[in-house]
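The values are calculated or read from the model by the stated rules, or taken from the named source; none is laboratory data. Predicted model only: the values in this text are computed from it and were never measured. Don't worry about glycine lacking a Cβ; one is built from the backbone with ideal geometry, like all the others, and counts go over all protein chains shown.
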Amino acid sequence: MNSQPALARQLESFFHQRLTHQRNATPATISTYRDALRLLVLFASERSGRKPCALTVDDLNRDVILAYLDHLEHSRGNSIHTRNARLTAIRSFFHHVAATDPASIGVAQRVLAIPSKKADVTTPNYLSRVELDALIEAPNAESARGRRDRLLLLFLARTGARISEALGVDACDVSLDGSRSQVMLRGKGRKERMVPLARDVATAIQKLLKERGIGPYEHAPVFVGAHGQRLTRFGAVHILRRAIQSACQNMPQLKRKHISLHVFRHSLAMTLLQSGVDLLTIQAWLGHAQVASTHRYATADVEMMRRGLNKARVESKASHRYRPKDAVLSLLENL
């Protein structure tokens, strides 16, 4: 008789005890970990020919995990970043396994020893002011849906919020007080930060809430779908796709751009940097845990580097060939 506890029991205690009660993980973290482990269980089930409910921790050994990670990259087309994010979820689960099931420590240690894969460090993709304006103006402001779509794109462009942060904003999180308008954003790890609101965003939010009959202190989502429920990431992606399709009619060069919901965040960071805002302020604005994440934008701005090059005047005039004066050096130079 196998003494190995059922995988289902370990997964249940991992999500209900470790993540929810011990770590107080956010719903976004729980959702991400759930998706990663669900895909792993389905992969292991297909590989072993056994139903998911019959799997044990031994069925998720190092070889299976490595094969799963390769499957993510080569069959599902996931990026290295996504592959490493899935591995992070798996590691967290096996830390729990090692702590709760001594018989599985060997399996857990071998899985925990799997290294993350190094990825090329790419420069942030961002849009110019003209390109941003074209996307923001694309939705039809004559319809309620169009006004909501325009506000969402405007909100992302002016606040630099992650899409999860923007969709999580309630009316009570927004303070509409003229030039001192601001919004509370809840980022990764339940970290909260206040971000100023530009006048056009504050005005648009005020009009939208008034149109929907929402009071300023209500716990009601600012961005909702067709049925009045909080807008989902899937719905936000569709809003962006519609805006791109419409904007491309007048600005065909947008077709050559890789535009995602995150590009609005990158674009604001570049605008702030080019306007002379220091990196620490941008770090606080975007909610980066480390300034190194913010520093990527400085390395991406070639024009700022070019201005530095011109200001430093490092270019020299016609170069002269070095001629040693010492006889011994002259001898060595001529060998």
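Conditions: (1) hydroxyl-bearing (Ser, Thr, Tyr); (2) modelled with pLDDT under 90; (3) assigned to a loop (DSSP other than H, G, I, E, B). Ser116 meets all but one. Number of the miss?
(2)
Condition first: surrounded by 12 or more Cβ atoms within 10 Å (Cβ to Cβ) and free of Cβ contacts under 8 Å to residues at least 12 places away in the same chain. Now tell me which residues in segment 266-277 satisfy that.
The answer is Val277, and nothing else.
Take the conditions surrounded by 12 or more Cβ atoms within 10 Å (Cβ to Cβ) and modelled with pLDDT under 90 and apply them to Gly287. Does it pass?
Values: surrounded by 12 or more Cβ atoms within 10 Å (Cβ to Cβ): yes; modelled with pLDDT under 90: yes.
For Gly287, the condition - surrounded by 12 or more Cβ atoms within 10 Å (Cβ to Cβ) and modelled with pLDDT under 90 - is met.
Any idea which of Arg34, Arg38, Arg50, Arg18 is under 30 Å from Gly187 (Cβ atoms), surrounded by fewer than 14 Cβ atoms within 10 Å (Cβ to Cβ), basic (Lys, Arg) and assigned by TED's automatic domain parsing to the domain that holds His96?
On inspection, the qualifying residue turns out to be Arg38.
Restricting to segment 197-217, give me the number of residues that are assigned to a loop (DSSP other than H, G, I, E, B) and at pLDDT 90 or above.
Residues flagged as assigned to a loop (DSSP other than H, G, I, E, B) and at pLDDT 90 or above within segment 197-217 amount to 4.
Scan segment 187-215 residue by residue and report those that are under 22 Å from the mean Cα position of the chain (by Cα), in contact (Cβ under 8 Å) with a residue 60 or more places away in the chain and surrounded by 15 or more Cβ atoms within 10 Å (Cβ to Cβ). Step through it out loud before you land on a result.
First, the residues of segment 187-215 that are under 22 Å from the mean Cα position of the chain (by Cα): 187-197.
After this cut, where a residue has to be in contact (Cβ under 8 Å) with a residue 60 or more places away in the chain as well, the list is 187-191, 193, 195.
Within segment 187-215, Gly187, Arg193, Val195 meet the criteria.
I'd like to check something: does segment 220-237 contain any residue that is over 14 Å from Arg148 (Cα atoms), under 24 Å from the mean Cα position of the chain (by Cα), part of a loop (DSSP other than H, G, I, E, B) and not small (Gly, Ala, Ser)?
Initial filter on segment 220-237 (over 14 Å from Arg148 (Cα atoms)): 220, 233-234.
Okay, now just the ones that are also under 24 Å from the mean Cα position of the chain (by Cα), so 233-234.
Checking which are part of a loop (DSSP other than H, G, I, E, B) leaves us with none.
Among the residues of segment 220-237, not one is over 14 Å from Arg148 (Cα atoms), under 24 Å from the mean Cα position of the chain (by Cα), part of a loop (DSSP other than H, G, I, E, B) and not small (Gly, Ala, Ser), which makes the answer no.
Would you confirm whether or not segment 26-49 contains a residue that is in a loop (DSSP other than H, G, I, E, B), of a type in the set (D, E, K, R), at pLDDT below 95 and farther than 19 Å from Ala119 by Cα?
no
Identify the single condition in (1) surrounded by fewer than 21 Cβ atoms within 10 Å (Cβ to Cβ); (2) assigned to a helix (DSSP H, G or I) that Arg150 does not satisfy, given that it satisfies every other one.
Result: Arg150 fails condition (1) only.
Only residues that are of a type in the set (Gly, Ala, Ser) and part of a helix (DSSP H, G or I): list them for segment 1-25, please.
Selection gives Ala8, Ser13.
What's the total number of residues in segment 237-259 that are over 22 Å from Ala141 (Cβ atoms) and loosely packed, with under 13 Cβ neighbours inside 10 Å?
5
Pick out the one residue from Val97, Val130, Val107, Val183 that is in contact with a Ser or Thr (Cβ under 7 Å, 6 or more places away or on another chain) and either more than 21 Å from Ala269 (Cα to Cα) or surrounded by fewer than 17 Cβ atoms within 10 Å (Cβ to Cβ) (or both).
Val97
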